[in-house]
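Visitor: This is the structure I have questions about; it appears just below.
What follows is calculated from the coordinates using simple rules that are stated; it is not laboratory data. These figures come from a predicted structure and were not determined experimentally. Note that we place each Cβ from the backbone using ideal geometry, even for glycine, and neighbour counts take in every protein chain shown.
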Amino acid sequence: VKRREFILLPASSLGGVLLYTLAREPVRVQAQTGAVKVPLRFFTAAEARTVQAACERIFPSDENGPGATEAGVVIFIDRQLAGPYGRDKYRYSKPPFVDSVPEHGYQGKASPREIYREGVQQLGNFADLPPAERDQKLRSTENTTFFRMLRQHTIEGMFSDPMHGGNAGLIGWQLIGYPGPLMSYRDEIDKNHGQPWRRKPVSLAQVVGHQVTGWEEEKE
Amino acid sequence: MSTGEGPIAGFGAIPPGEAKSDWGAEWKKAALAWHDRVAAISSEAEHLAYRQNYVDLDPTYTDKYGDPLIRLTLDWTEHERAQGAMVTKIQGQLAAAMGGRAIMGTAPDSSVVNPWLQHWHAPNLWVVGGSAFPQNGSGNPTLTILALTLRAADGLIDRYLKRPGGLL
């Protein structure tokens with residue numbers, strides 16, 4: 001049995017927000033708790049640390065708002081890799097593998113899990129480098145399959161429904177003013193007539209009124 | 001204007017030159033600023049029924065039962081390329097003509113036409129179409145354009161023709 005690995009996230013970054021990532025249950029994380037231990041499904045603790053540091057350079061937390069760490073992007077990626085996506089359950093992956101034009105997309109043999117394992121290893125001691133050197137290192141890998149994937153997954157982890165482990169506390173949706181999967185503003189129109197108004201975002205679970213799970217939870 | 005693609009697919013598109021790469025602080029700043037200010041126009045064209053475009057059984061790849069996959073063979077010809085070039089040109093014209101060219105509003109200092117789609121300063125000029133919308137939502141606006149046009153026609157026939165001049 002594989003020893004359980006965890007990633008420690010500073011609670012100040014997740015402070016007071018709902019974290020939907022612990023054991024499939026929403027947990028309110030308080031800033032006072034210091035750090036929160038999130039069990040990992042695919043990454044080792046060291047890998048998760050590297051991935052988190054890289055995501056943070058792709059979508060940093062800065063004066064323009066929170067970033068990948070606050071949103072829990074690494075948890076989103078960890079879950080996707082542990083699930084059917086990570087092992088290419090639904091991608092046609094029989095040989096022979098042939099190179100093709102870019103518009104055909106990735107045609108290779110390696111699964112997302114394998115691409116990450118290899119890519120993270122290549123990053124080495126990334127998480128211990130100063131920010132400028134981290135950027136330099138990422139820039140040198142910019143055109144690799146691994147980096148393109150990491151960039152795409154960072155955006156997905158920022159802005160997908162929190163049921164998938166990222167977008168903690170709807171932080172990504174608040175950042176871009178996305179209202180969530182609402183069907184209509186009908187109930188609000190008369191209340192706010194003539195006033196500038198933006199709805200507080202809601203998750204799918206909040207809209208439907210019960211817990212929802214993503215396809216990454218699918219059993220083998 | 002949003003691309004109407006939702007928060008993931010719609011994120012990260014920025015005009016050329018706004019950031020040096022497509023990740024990092026500079027890109028994030030531009031992507032957030034442009035998030036609901038970018039739009040895409042796309043078109044669908046057709047491949048004619050050429051003899052060289054066909055489906056057959058793949059000689060190499062099989063499904064999980066060992067049966068051949070379907071293989072699609074499709075080659076672009078000069079016709080499709082010319083079609084693409086023409087559509088791109090038309091898209092540019094569409095972009096210039098769509099939403100926001102003669103916006104409808106409640107006052108002449110902030111809009112071009114009044115709610116009857118009548119020009120504020122030239123009462124004998126009526127502008128119907130999507131140009132009346134200050135911006136376009138993601139939904140299809142055709143029925144709304146038709147409804148506004150019917151209303152403009154009512155105003156023109158029932159009010160303007162009886163007493164020419166600004167209706168408001």
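Visitor: What are the extents of the Cα atoms of region A:165-210 along their three principal axes, listed from largest to smallest and rounded to whole Å?
Guide: 37, 24, 12
Visitor: Could I get the Rg over Rh figure for region B:76-150? Both from C-alpha atoms, Rh via Kirkwood, rounded to two places.
Guide: We get a ratio of 1.15 for region B:76-150.
Visitor: Between A:ALA168, A:TRP197, A:GLY214, whose Cα lies farthest towards the positive end of the dipole of region A:125-220 when Lys and Arg beta carbons carry +1 and Asp and Glu beta carbons carry -1, centred on the Cα centre?
Guide: Towards the positive end, the residue furthest out is A:TRP197.
Visitor: Now a separate question. Let me know the whole percent of all Cα-Cα pairs from region A:76-127 that are separated by more than 12 Å.
Guide: Beyond 12 Å sits 70 percent of the P(r) for region A:76-127.
Visitor: What residue among B:ILE14, B:ILE145, B:ILE103 has the largest mean-square fluctuation in a Gaussian network model of chain B, using Cα springs under 10 Å?
Guide: Most flexible of the set in this elastic network: B:ILE14.
Visitor: A:ILE7's amide H: which non-local residues (gap 5+, or another chain) put their own amide H closer than 5 Å, with H modeled 1.01 Å from N in plane and none for Pro or chain starts?
Guide: The answer is A:VAL38, A:LEU40.
Visitor: Past the 32 Å Cα-Cα mark, which pairs from A:LYS219/B:LYS28; A:LYS109/A:LYS219; A:LYS109/B:LYS89; A:LYS191/B:LYS162?
Guide: As for pairs spanning more than 32 Å Cα to Cα, those are A:LYS219/B:LYS28; A:LYS109/B:LYS89; A:LYS191/B:LYS162.
Visitor: When all C-alpha to C-alpha distances in region B:1-60 are sorted into bins of 5 Å, what percent of pairs does each bin hold, rounded to whole numbers?
Guide: The calculated distribution, bin by bin, is 4, 15, 19, 13, 10, 5, 7, 11, 11, 6, 0.
Visitor: Mind jotting down a quarter of the surface of the convex hull over the alpha carbons of region A:35-150, in square nanometres, one decimal?
Guide: Mean projected area for region A:35-150: 8.5 nm², to one decimal.
Visitor: For region A:67-220, what is the convex hull (Cα atoms) projected area averaged across all directions, in square nanometres?
Guide: Averaged projected area of region A:67-220's Cα convex hull equals 12.9 nm².
Visitor: Considering the options B:GLY66, B:PHE11, B:SER43, tell which one lies farthest towards the positive end of the dipole of region B:1-86, charges being +1 on Lys and Arg and -1 on Asp and Glu at the Cβ, about the Cα centre.
Guide: Result: B:PHE11.
Visitor: Would you mind giving the mean number of other chain beta-carbons within 10 Å of the Cβ of each residue in B:23-33, as a whole number?
Guide: 6
Visitor: Let me ask another. Where in chain B are the DSSP H helices whose C-alpha atoms run 20 Å or more along the long axis and whose mean Kyte hydropathy is at least -0.5?
Guide: Span-like helices in chain B: B:78-97.
Visitor: Take chain A, connect every pair of alpha-carbon atoms lying under 10 Å apart with a spring to form a Gaussian network, then pick out the residue of A:SER100, A:SER203, A:SER111 with the largest mean-square fluctuation.
Guide: Residue with maximal mean-square fluctuation among A:SER100, A:SER203, A:SER111: A:SER100.
Visitor: Quick one: compute the contact order of chain B, relative version, from alpha carbon pairs under 8 angstrom and 6+ residues apart, as a percent.
Guide: 16
Visitor: Explain nothing, just the number: dipole magnitude of region B:37-141 about its Cα centre with +1 on each Lys and Arg Cβ and -1 on each Asp and Glu Cβ, in debye rounded to the nearest 20.
Guide: Dipole about the Cα centre, nearest 20: 480 debye.
Visitor: Hey, what's the Cα Rg ratio for the protein assembly as shown versus the globular rule of thumb, 2.2 N^0.38 Å?
Guide: 1.24
Visitor: Here is a further query. With charges set only on the Cβ (+1 for Lys and Arg, -1 for Asp and Glu), what does the dipole of the protein assembly as shown come to about its Cα centre, in debye to the nearest 20?
Guide: So the magnitude is around 660 debye.
Visitor: What order do you get for B:THR106, A:THR154 when you list them from fewest to most C-beta neighbours inside 10 Å?
Guide: B:THR106, A:THR154
Visitor: Please compute the net charge surrounding A:GLY177, taking Lys and Arg as +1 and Asp and Glu as -1 over other residues with Cβ under 14 Å from its Cβ.
Guide: Overall, the nearby charge balance is +3.
Visitor: Rounded to the nearest 5, what is the percent of antiparallel bridges among the DSSP beta bridges in the protein assembly as shown?
Guide: Percent antiparallel among DSSP bridges in the protein assembly as shown is about 95.
Visitor: If you bin every alpha carbon distance in chain B into 5 Å steps from zero, what whole percent lands in each bin?
Guide: For chain B, the pair-distance distribution reads 1, 7, 10, 10, 10, 11, 11, 11, 9, 7, 4, 3, 2, 1, 1, 0.
Visitor: Could you put A:ILE189, A:ILE171 in order, starting from the residue whose Cβ has the fewest other Cβ atoms within 10 Å?
Guide: Least to most surrounded, the residues fall as A:ILE189, A:ILE171.
Visitor: Can you give the relative contact order of region A:69-112 as a percent, counting alpha carbon pairs under 8 Å and 6+ residues apart?
Guide: 36
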